[in-house]
Amino acid sequence: MNNKGMFITVEGIEGVGKTTNIQFISEWLSNNNIEFIASREPGGTPFAEEIRNVLLQPRDEKVCDTAELLLMFAARAQHLDALIQPALEQGKWVLCDRFTDATYAYQGGGRGLSLDLIAQLETIVQGAFRPHAVILLDVPVEIGLGRASARSELDRIEQEKASFFEAVRQQYLDRADADPDRYHVVDASVDLPEVQNQLQDVLASIKARSS
Ligand code: T5A
């Protein structure tokens, strides 16, 4: 897969502030005259959004972990082919609310599926393609879940127990520790202006690396 633009993903547990801060990042990119698109996973194209609905809708039937994993990658394959790669090839930056790190964190850390299996699927779907930069918004689980439940009804995955999200958070932090050049960990437990101060520094460093 060829690309010219930068692919930046924003990650973190539920309610960490991804949606809120993606708006801030979008404004920063516009103010810096960077052409970009913003998208999200699971989803990002009409077909992938249909898969998102299937994945997140609360239901009585227990969804098996492998089915959940494969659907995440099915949506991702479509998203990459139809939206992400064409945009990058046109030189645009792509800002994405979650990507494959979420699969490692939720299906690997949370569900306990094999990280090797996830890595194999990652290679099948993405080849060697990886985000140029991952912004990990980090908060303690009780803060994230408190914000998410105050905001809206919980979807199928948000209904998991706190211990599930502890494992998700730990997997994210382990991945960030293992690759500090590509991962930017932001303390998202503080007030929004303080979070955005940190983000400005991160974005400046990503921009400096892109040129
Ligand atoms: N998933 C996804 C997988 O399991 N595997 C995968 O491979 C992928 C791609 C997707 C779900 O799918 C799972 C993970 C998810 O469970 P989603 O919509 O991306 O769902 O994820 P959510 O985490 O559910 O997104 P949310 O919209 O719930 O949370 P956000 O976007 O992180 O939080 P946001 O911005 O809506 O903020 C929540 C509330 O907190 C406030 C905001 O105003 C808002 O009310 N807030 C703050 N308050 C105080 N101080 C701050 N610093 C604040 N920042 C935000």
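The values are calculated or read from the model by the stated rules, or taken from the named source; none is laboratory data. Every value quoted in this text rests on a predicted model; they were computed, and no experiment measured them. Here Cβ is always computed from backbone atoms with ideal geometry, including for glycine, and neighbour counts include all displayed protein chains.
Condition test on Phe165, is it within 26 Å of Asp60 (Cα to Cα) and surrounded by 15 or more Cβ atoms within 10 Å (Cβ to Cβ)?
yes
Right, Ala128: outside any helix (DSSP H, G or I), surrounded by fewer than 19 Cβ atoms within 10 Å (Cβ to Cβ), more than 8 Å from the ligand (Cβ to nearest atom) and of a type outside the set (S, T, N, Q) or not?
yes
All but one of (1) touching a Lys or Arg at 6+ places or on another chain (Cβ under 8 Å); (2) near the ligand (Cβ under 8 Å from one of its atoms) hold for Val141; which doesn't?
(2)
Looking only at residues that are touching a residue at least 40 places away in the same chain (Cβ under 8 Å) and in contact with a strand residue (DSSP E or B) (Cβ under 7 Å, 6 or more places away or on another chain) in the range 198-211, which one is farthest from the ligand (Cβ to nearest atom)?
Residue satisfying both the conditions and the ranking: Ile206.
Going through the range 114-123 one residue at a time, which ones are under 13 Å from Gln171 (Cα atoms) and either over 18 Å from the mean Cα position of the chain (by Cα) or aromatic (Phe, Trp, Tyr) (or both)?
Ser114, the sole residue that qualifies.
Checking Glu49 against (1) acidic (Asp, Glu); (2) within 26 Å of Ala176 (Cβ to Cβ); (3) in contact with a Gly (Cβ under 7 Å, 6 or more places away or on another chain), which test does it fail?
Exception for Glu49: condition (2).
Under the condition of being charged (D, E, K, R) and at pLDDT below 95, which residue from the range 144-169 is farthest from the ligand (Cβ to nearest atom)?
Out of the qualifying residues, it is Lys161.
Restricting the first residue to the range 168-197 and requiring it to be over 23 Å from Arg147 (Cα atoms), which pairs with a second residue that is assigned to a helix (DSSP H, G or I) and more than 15 Å from the ligand (Cβ to nearest atom) meet a Cβ separation below 6 Å and a spacing of at least six or different chains?
Partner pairs satisfying both residue conditions: Tyr183/Ala176.
Can you tell me which condition Gln159 does not meet? The list is (1) in a helix (DSSP H, G or I); (2) more than 15 Å from the chain's Cα centre (by Cα), and all the others hold.
(1)
Would you point out which residue out of Ala119, Ala133 is at pLDDT 95 or above, more than 12 Å from the ligand (Cβ to nearest atom) and surrounded by fewer than 17 Cβ atoms within 10 Å (Cβ to Cβ)?
None of the others qualify; the one that does is Ala119.
State all residues of the range 168-211 that are farther than 22 Å from Trp93 by Cβ and surrounded by fewer than 18 Cβ atoms within 10 Å (Cβ to Cβ); if no residue qualifies, say none.
Gln170, Leu173, Asp174, Asp177, Ala178, Asp187, Ser189, Val190, Asp191, Leu192, Pro193, Glu194 - these are the residues of the range 168-211 that are farther than 22 Å from Trp93 by Cβ and surrounded by fewer than 18 Cβ atoms within 10 Å (Cβ to Cβ).
Which one of these is touching a Leu at 6+ places or on another chain (Cβ under 8 Å) and among the charged types (D, E, K, R): Glu14, Glu49, Glu35, Glu41?
On inspection, the qualifying residue turns out to be Glu14.
Considering only residues that are of a type in the set (Gly, Ala, Ser) and either part of a helix (DSSP H, G or I) or closer than 13 Å to Ile22 by Cα (or both), which ones fall in the range 193-211?
Across the range 193-211, the qualifying residues are Ala204, Ser205, Ala208, Ser210.
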